[in-house]
Amino acid sequence: MKKIFNTLLILSILFAFILLFNPNSVQAVALDDIEISTNKDTVNPGDTITLTITFGKPLGAYTFDIAYDNNLLEYMETDGGTPNDNGTRVRVVFYDSTGGSSPKESMHITFKAKEGIMTSNPTDLAVTAEGLANPDASENYDDITIALEKNIVVEPRYEDYKFDLSYTGEPIVNSEKEMVLSLSSSMGKNYDHARIILDAATPDGGNVQMKGTDETQTEYDLIDSGWGDPSGYAIGGQNVNKVLNLRAIFDKVGEYKLTFKLIDRDNSDAVIAENTFTVTVTDTETTPPEEETPENETEGTIEENMTNTTEENLPNQLPKTGINLYIPIVVIMIAIMSTSLYIRMKKKNK
């Protein structure tokens, strides 16, 4: 029995040495240099995004699983193996059938953002792997069981918010002026706590009061406190159109620069959008433009009008006057011919 035990011990030691020093033996080590990256951090509906997995060394075999959110993305294609998409995960399998002459050092997988996305959606692409081996399969690598994640954002194509200020006629000093302020965007980014404030640059010594009411008839002082609840209000989505009816009083003649700002209360009052409008304040009503002369009235002095009328009424050809010389000659010839004819007829009758 002791002899058998010693024999097994010797064989075990020999086998261990063979595994340790044989260059073709299979060992499992960590694939520490693997990296994942995307060609963009934000993707919009209908656009594609490509994930690249860089191995750090050539691989002759691997199986990668890439998990994704199918509410936001759909799988398009893979470069670097045979894909199998189950709707939430793409499995990519590669084996170098040449025996090590055509290994891979990286692979690419492309997704497309789905249509109809209306808000910003942070998400990630999660990568795990198994069956990793070097080109000649002499070395195996540890499975990647803790997912490597790449964070991205899937969101609509946002349009900047834009202010518009409208009113009729120039404001008059110390007189209340009605104005309309609108804030619009065909696709506005979503904010949970936004506010509208006003900065006014006035002539020296000038002041402006700007108060407004919204659709609920709530009144706000835009200069002192801004518009809306102090903590802000939610804004964003399709076809944003906020309208505020304003009443302004300017106490000095001159130019006022009114800068309306949309700020984010959740981000240290960072400015989301702003527009500046120049308002010119006068001390009297704007002089109406001079009336145009009616088409049926003629400008100029009485003498000029009379001259023009006389010239316009002149005929193109003067009328003929006196007796035409040819008329008596014709009459005389007719008389002579008639007399001659009468005499001939009389002689013939005799």
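The values are calculated or read from the model by the stated rules, or taken from the named source; none is laboratory data. Just so you know, these numbers come straight off a predicted model, no measurement behind them. When we count neighbours, we look across all protein chains shown, and the Cβ atoms used for this are built from the backbone with ideal geometry, even at glycine. Heavy atoms of the whole protein, side chains included, go into the accessibility calculation; ligands, DNA and RNA do not. Shrake-Rupley method; radii C 1.70, N 1.55, O 1.52, S 1.80 Å.
Quick look at the numbers
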read-out	value
Normalised convex hull volume, the range 220-268, alpha-carbon set, Å³ per residue	123 Å³
The range 42-84: mean projected area of Cα convex hull, nm²	4.0 nm²
Heavy-atom surface of the range 157-209, accessible at 1.4 Å and reported per residue (Å²)	54 Å²
Distance between modelled label sites at S268 and K40, nm, 7 Å Cα→Cβ extension	2.9 nm
Out-of-range pairs (alpha-carbon distance over 24 Å; input K189/K261; K57/K112; K189/K242; K162/K252; K112/K162; K114/K242)	K57/K112; K162/K252; K112/K162; K114/K242
Dipole of the range 119-188, positive direction: furthest Cα of I152, S185, G131, with charges on the beta-carbon	S185
Label-point separation in nm, K114 to T276, each point 7 Å along Cα→Cβ	4.5 nm
Convex hull volume per residue for the range 62-141, taking Cα atoms only, in Å³	85 Å³
With DNA, RNA and ligands ignored, accessible area of D192 (1.4 Å probe; Å², nearest 10)	110 Å²
Heavy-atom surface of the range 232-276, accessible at 1.4 Å and reported per residue (Å²)	50 Å²
Using a Förster distance of 25 Å, the FRET efficiency for D33-N70 (Cβ separation, nearest 0.05)	0.25
Over the range 130-169 - Rg/Rh using Cα atoms and the Kirkwood inverse-distance radius	1.64
Relative pair counts by distance (%), Cα atoms of the range 120-186, 10 Å bins	15, 18, 15, 12, 11, 10, 8, 7, 4, 0
Span per principal axis, largest first, for the Cα atoms of the range 67-214 (Å)	90, 31, 25
Rel. contact order, % - alpha carbon contacts under 8 angstrom, at least six apart, the range 69-135	39 percent
Heavy atoms of D229: accessible area, 1.4 Å probe, square angstrom to 10	80 Å²
